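First up is the structure itself, then whatever we jot down about it.
The values are calculated or read from the model by the stated rules, or taken from the named source; none is laboratory data. Keep in mind it's a predicted model, so treat the numbers as computed, not measured. When we count neighbours, we look across all protein chains shown, and the Cβ atoms used for this are built from the backbone with ideal geometry, even at glycine.
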Amino acid sequence: MAKVHTKSEKITPFGGIYYACKAFYALSLDKVINGTLGVRSSTYNGYQWDEIMSAMSDVFLCGGDCVEDVNRSECHLRESPEIRIPTSYTIGRAIKELL
């Protein structure tokens, strides 16, 4: 007889993205990005470059076509406690800072 394990986590349509987010930080890509681009915000609540880049990659990995799609997938991405998702306006301002 097979044993069945009950998961307490909610099932979302973007469930696989949580593994990609963990791999992003496990590979220390956040340190590489912040080390290369420097500190974006010195305040605690401000978004750093790694969070901006992670949010953009999450949107595109979830099937989004543009940065504004972060608003559509935001409710599912916020279910992970490790992920901080900036708004599409914040991502747009950050991209302009790079130009």
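Miscellaneous remarks
- All conditions but one from (1) at pLDDT 80 or above; (2) out of contact with any Lys or Arg (no Cβ under 7 Å at 6 or more places or on another chain) apply to Trp49; the one that does not is (2).
- Residues within segment 58-99 that are in contact (Cβ under 8 Å) with a residue 24 or more places away in the chain and either assigned to a helix (DSSP H, G or I) or aromatic (Phe, Trp, Tyr) (or both), tallied: 13
- Each residue in segment 33-48 was checked for being of a type outside the set (Ser, Thr, Tyr) and closer than 16 Å to Thr87 by Cβ, and 4 pass.
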